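**Q** So that we are looking at the same thing, I have put the structure below in structure tokens.
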Amino acid sequence: MIGGAMKFTVNTIDLNEGLSVAIRALSQNKLMPILDGIYVRAEGSELMLVCTDLSLRIEVIIPAEVTEEGSVVIPGKLFSDISRKLPGESITFSTQKNSVLITSGKVKTTLQTSPSADYPQMPKIGDPITLSIEGVAFKKMIRQCSFATAQDDSKPMLTGVLFEAQYDRLKMVALDGFRLAIRQEKLNSPVEASKSVIVPVKSLNEFARVIDDRDEKLNIVLSDSHAMIDLGHTRLVTRLIDMKFIKYDHVITSDYKTRVRLNRNELLEAVERAALMSRDSGGDDVNMRFADDVLNITASSQIGGIDEDHMVEMFGGPIEIAFKARYIIDVLRNLDDEEVLFDMTSSVSHCVIRPVEGDAYYYLVMPVRSR
């Protein structure tokens, strides 16, 4: 039911939780004032809340006692702010011409509304494939990959994450010219057709924020123009980046001359300490020397330096190499493994960080010239 009179009652907590999710896609587009609002539709025994900035669309469904079905657009931020301040356990809404009366306990509030017919409709997702994956695993994939996307728009395709779905695997790939991140997980069921799309990292991070650790499974719908995650109670739809991703396969290698097995958290803390020292020199370079099962980490600036040793397990000859500290920190901080492998060939070629067992992730980091 579009437009017309509308009346419903909803639990205050349910409404505020729904609004907190939906307004993540609230727009500040001054050319389309309708996008400043939240589309509200009461139908059956449910209330739907919708926000979109035309790139990302979030739909949230919550239970409601609907007396009269209808839909309307309510000023978004003001509606959300007022709702959080209302005192009652429930809130009743009833439309009155071009306004809505909101009643909670002894409080009555009136807000101006806009016609729901003016609000952008759900985009058509043509010729899609649907992936089923564990929600916690998908959220972890985003966390462990999205940080490697580019921060500027000089190469727009690198501001997104490549999704490659093939048979029973979903692979995510991100790179920014200095590092490469690959994460893959097994799907709950195989897909008949392969699919490759680029999802904007901003939308992907919103996906991660909305996914609850209690969401055991979710569906990912991919078409040539949009991606959607469907949690049942919540749907998020994003436009894709319509460009070709940079070919990355040629840098994937299993070759190395030196392999080091080390404690992830111990190394993370050491690199963070070194970064504190090196940043006073105008950068964050950290030097690493691997020899005789010992990792020596050094960093210096005009006001001091740091030098520390750590026991590691080495395979191959000694090597000295330097990195931007934050590139190593980003990887180690987002992993959960107790130990990781560093594979290196020389001081001027890339380092690969991989798991001790399996192939869930693959991180490639370019070195810097040692000072």
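**Q** Taking the inverse of the average 1/r across all pairs of different Cα atoms in region 1-63, what Kirkwood radius in Å do you get? Intermediate values should be presented prior to the final figure.
**A** On the way: mean 1/r = 0.0813 Å⁻¹.
After inverting the pairwise mean of 1/r, the radius is 12.3 Å.
**Q** Take every Cα-Cα pair in region 235-302 and report what % of them are more than 19 Å apart. Each step should come with its number before you reach the end.
**A** Working: 1375 of 2278 pairs.
Cα-Cα pairs of region 235-302 separated by over 19 Å account for 60 percent.
**Q** Taking the simple approach of a point 7 Å from Cα along Cα-to-Cβ for both LYS106 and ALA5, what is their distance in nm?
**A** Output for this residue pair reads 2.9 nm.
**Q** What accessible area per residue comes out for the chain, rounded to a whole number of Å², with a 1.4 Å probe? Working shown, then result.
**A** Values: 18340 Å² over 371 residues.
That works out to 49 Å² for each residue.
**Q** In percent, what relative contact order does region 123-207 have, based on Cα pairs under 8 Å that are 6 or more apart in sequence?
**A** Values: 154 pairs, mean separation 28.4, N = 85.
33 percent.
**Q** Sorting check: for 55-61, 303-309, 75-81, which peptide has the highest mean count of neighbouring beta carbons within 10 Å, and how do the rest follow? Present the calculation step by step, with values, prior to reporting the outcome.
**A** Details: 55-61: 21.4, 303-309: 11.7, 75-81: 17.6.
Output ranking for 55-61, 303-309, 75-81: 55-61, 75-81, 303-309.
**Q** Based only on Cα atoms, what Rg/Rh ratio does region 43-178 have, Rh being taken as Kirkwood's radius? Write down the numbers at each step before the final one.
**A** Details: Rg = 20.7 Å, Rh = 19.0 Å.
Across region 43-178, the Cα-based Rg/Rh ratio is 1.09.
**Q** On to the next question. For a quick check: with amide H placed at 1.01 Å from N, whose amide H comes under 5 Å from SER90's, ignoring anything fewer than 5 positions away on the same chain?
**A** Amide H neighbours of SER90: THR12, GLY105.
**Q** Right, next: Explain nothing, just the number: relative contact order of the chain, from Cα pairs under 8 Å at least 6 residues apart, as a whole percent.
**A** Details: 878 pairs, mean separation 46.4, N = 371.
With pairs under 8 Å counted, the relative contact order is 12 percent.
**Q** Let me ask something else about it. Output ³J(HN,Hα) for region 163-173: one whole-Hz value per residue in order, computed from phi by the Karplus curve 6.51 cos²θ - 1.76 cosθ + 1.60 with θ = phi - 60°, and x for Gly and Pro.
**A** Result, ordered by residue: 9, 10, 9, 8, 6, 10, 10, 10, 10, 10, 10 Hz.
**Q** Another question, then. Could you pull the Rg and Dmax for region 132-273, using just the Cα atoms, both in Å?
**A** For region 132-273, the Cα radius of gyration and maximum Cα-Cα distance read 16.2, 51 Å.
**Q** Considering amide H positions built from the backbone, and no H for Pro or chain starts, which residues 5 or more places from LEU231, or on another chain, come under 5 Å of its amide H?
**A** LEU236
**Q** Can you check what the Kirkwood hydrodynamic radius comes to for region 1-110, Cα pairs only, in Å to one decimal? Provide the component values of the computation, followed by the final result.
**A** Numbers: mean 1/r = 0.0726 Å⁻¹.
It is 13.8 Å.
**Q** Within region 90-144, what whole-number % of the accessible surface is contributed by carbon and sulfur, with the 1.4 Å probe and all protein chains included in the calculation?
**A** On the way: 1490 of 2940 Å².
Ligands and nucleic acids excluded, carbon and sulfur reach 51 percent.
**Q** Find the Rg to Rh ratio for region 214-327, where Rh is the Kirkwood radius over alpha-carbon pairs and Rg uses the same atoms.
**A** On the way: Rg = 21.4 Å, Rh = 18.1 Å.
Computed over Cα atoms, the ratio is 1.18.
**Q** On a C-alpha basis, how far is the centre of region 274-346 from the centre of region 144-181 in Å? Whole number, if you could?
**A** If we compute the Cα centre of each part, the gap is 25 Å.
**Q** To continue, here is another question. By how many degrees, 0 to 90 and rounded to 10, does the Cα axis of helix 201-210 deviate from the longest principal axis of the chain?
**A** Helix 201-210 sits roughly 70 degrees off the main axis of the chain.
**Q** Strictly over 31 Å apart at the Cα level, which of LYS30/LYS140; LYS139/LYS195; LYS140/LYS244; LYS140/LYS247; LYS7/LYS77; LYS108/LYS139 would you flag in this model? Don't jump to the answer; show the numbers that get you there.
**A** Details: LYS30/LYS140 35 Å; LYS139/LYS195 20 Å; LYS140/LYS244 25 Å; LYS140/LYS247 24 Å; LYS7/LYS77 21 Å; LYS108/LYS139 40 Å.
LYS30/LYS140; LYS108/LYS139, as the Cα separations exceed 31 Å there.
**Q** Still on this structure: Calculate, in nm to one decimal, what LYS186 and ASP213 gain on full extension: separation in residues at 0.36 nm each, minus their alpha carbon distance. The partial results should precede the final answer.
**A** On the way: separation 27, 0.36 × 27 = 9.72 nm, distance 1.79 nm.
Result: 7.9 nm gained on full extension.
**Q** Once the Cα atoms of helix 12-22 and of the chain are each reduced to a long axis, what angle between those two axes, in degrees from 0 to 90 to the nearest 10, is obtained?
**A** With rounding to tens, the tilt is 50 degrees.
**Q** Please work out the C-alpha center-to-center distance from region 103-119 to region 203-228 and express it in whole Å.
**A** Going from one Cα centre to the other spans 30 Å.
**Q** Same structure again: Taking the Cα atoms of region 122-195 alone, what are Rg (to one decimal) and Dmax (as a whole number) in Å?
**A** Reported Rg and Dmax, both Å: 13.5, 38.
**Q** Measure nothing fancy, just the Cα-based angle from helix 325-334's long axis to the longest principal axis of the chain, in degrees from 0 to 90, nearest 10.
**A** So the helix axis and the longest Cα principal axis differ by about 60 degrees.
**Q** When the C-alpha atoms of the chain are aligned to their principal axes, what extent does each axis show, in angstrom, from largest down?
**A** Rounded to whole Å, the extents work out to 78, 52, 36 Å.
**Q** Right, next: Using the Karplus equation 6.51 cos²θ - 1.76 cosθ + 1.60 (θ = phi - 60°), what ³J(HN,Hα) coupling, rounded to whole Hz, does each residue of region 143-153 give in order, writing x for Gly and Pro?
**A** Those phi angles translate into 4, 8, 10, 5, 5, 8, 6, 6, 9, 10, 9 Hz.
The values are calculated or read from the model by the stated rules, or taken from the named source; none is laboratory data. A quick note: this is a predicted structure, and the numbers were derived from the prediction, not measured. Cβ atoms come from the backbone with ideal geometry, glycine included; neighbour counts cover every protein chain shown. Surface accessibility is based on the protein's heavy atoms, side chains included, excluding ligands, DNA and RNA. Shrake-Rupley method; radii C 1.70, N 1.55, O 1.52, S 1.80 Å.
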